[in-house]
Each structure stands twice: as C-alpha cells, then as structure tokens.
1. Given the structure, is G85 modelled with pLDDT of 95 or more, closer than 14 Å to I126 by Cβ and surrounded by fewer than 18 Cβ atoms within 10 Å (Cβ to Cβ)?
2. In the range 40-98, which residues are farther than 19 Å from R110 by Cβ and among the hydroxyl-bearing types (S, T, Y)?
3. Run down I30, I38 and say which single residue is surrounded by 14 or more Cβ atoms within 10 Å (Cβ to Cβ) and either under 16 Å from D127 (Cβ atoms) or more than 16 Å from the ligand (Cβ to nearest atom) (or both).
4. Does any residue in the range 72-89 that is over 19 Å from I134 (Cβ atoms) come within less than 9 Å, Cβ to Cβ, of a residue that is hydrophobic (A, V, I, L, M, F, W, C) and surrounded by fewer than 16 Cβ atoms within 10 Å (Cβ to Cβ) six or more places away or on a different chain, and which pairs are these?
5. Within the range 95-124, track down each residue that is over 12 Å from the mean Cα position of the chain (by Cα), more than 19 Å from W60 (Cα to Cα) and surrounded by 13 or more Cβ atoms within 10 Å (Cβ to Cβ).
6. Within the range 52-60, does at least one residue satisfy the condition of being hydroxyl-bearing (S, T, Y) and under 12 Å from the mean Cα position of the chain (by Cα)?
7. Test D21 against the stated conditions and say whether it is surrounded by 13 or more Cβ atoms within 10 Å (Cβ to Cβ) and within 27 Å of H135 (Cα to Cα).
8. Quick one: would you say I7 is among the aliphatic types (A, V, I, L, M) and in a helix (DSSP H, G or I)?
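The values are calculated or read from the model by the stated rules, or taken from the named source; none is laboratory data. Just so it is clear, the structure is predicted and the values come from calculations on it, not from any experiment. No Cβ is skipped: glycine too gets one built from the backbone with ideal geometry, and neighbour counts run over all protein chains shown.
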Amino acid sequence: MEDCPRIEWDGSLETGTRIVDVQHKFLIDIINDLADAINQKKVMISIGKIINLLKHYTEWHFGREEDCMERFQCPAYEVNKKAHGWFIETLESFQREFRETGGSEEIARRMYHELTQWLVQHIKKIDTQLEPCIHTD
Ligand SMILES: [Fe+2]
C-alpha cells in the first residue's frame, strides 16, 4: 500500500497568532507520528499512545483557543467550539472502533485521512479568524 504523506507545515497554515501556531505545529507532529506508524507497519504498537496523546493535547489546545476567542469576542467562537466538539467525537469514535474490532491498518489510514483533512481546513478557515479580533480593540 502507498505511504501516508506527512503533513508539511507551510505559511498557509499560519494563523497570525504565534502561540496558536506553536500549538498547531505540535498537533501536526502527533498526527505525523500516526503517518510514520502506518508507513513503518507499527500501527498496532503505537496507536493507543497516539490516540491518548492526541485526545489530551487537542482537549487542552481547543480549550486555550476557545478561551482566547471568547475573551476577544471573536465572532467565530461558537462555530469554532462546535467544530472542536466534532473533532473530539470523531477521535473517540475511532478509539472505540479500535477497541471493539481489535484494530487494523485500514482503520488507522481512515483516521489519518479524516483527521488531517479536517485539521488543515479548520486551521485555514476558522483558526485564522482569531487574529483580527485581537487587533480590533
Ligand atoms: Fe480551532
């Protein structure tokens, strides 16, 4: 099977808010660990750790982002919060699928594609809306 492409950071993922960018880079690092595990045929060894780390880190990061959007009265606050909820639910449903089926590379590939697509679009469309709010008051 084809290799999973790692997500490469580039300027199109910049939100204009440095602290958010630093957190996104770490998030992408974790997701790239999943790509590496798939490519090195180590999904079954690594998946538990990757899902746990992803869950804890996203919960923390989404919380920071939501607090910041609320504080600066960013209009994207509600839609961002909803989108974050969707990501956590999707992650949890993959976690359940791994537990219930015993796991497979196929599930890991589906998870990787779904989460990376979401993350890239989410950063570009929603997280970039925070920066203008910080600078309008
Ligand atoms: Fe966000």
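1. In short, yes.
2. Y57, Y77
3. Exactly one of I30, I38 is surrounded by 14 or more Cβ atoms within 10 Å (Cβ to Cβ) and either under 16 Å from D127 (Cβ atoms) or more than 16 Å from the ligand (Cβ to nearest atom) (or both), namely I38.
4. A83/W118; W86/W118; F87/W118
5. Correct list: E97, F98, G103, S104, E105, I107, A108, R109, R110, K124.
6. Scanning the range 52-60 turns up at least one residue that is hydroxyl-bearing (S, T, Y) and under 12 Å from the mean Cα position of the chain (by Cα).
7. When the stated conditions are applied, D21 passes them.
8. Considered against the rule, which asks whether it is among the aliphatic types (A, V, I, L, M) and in a helix (DSSP H, G or I), I7 comes out as no.
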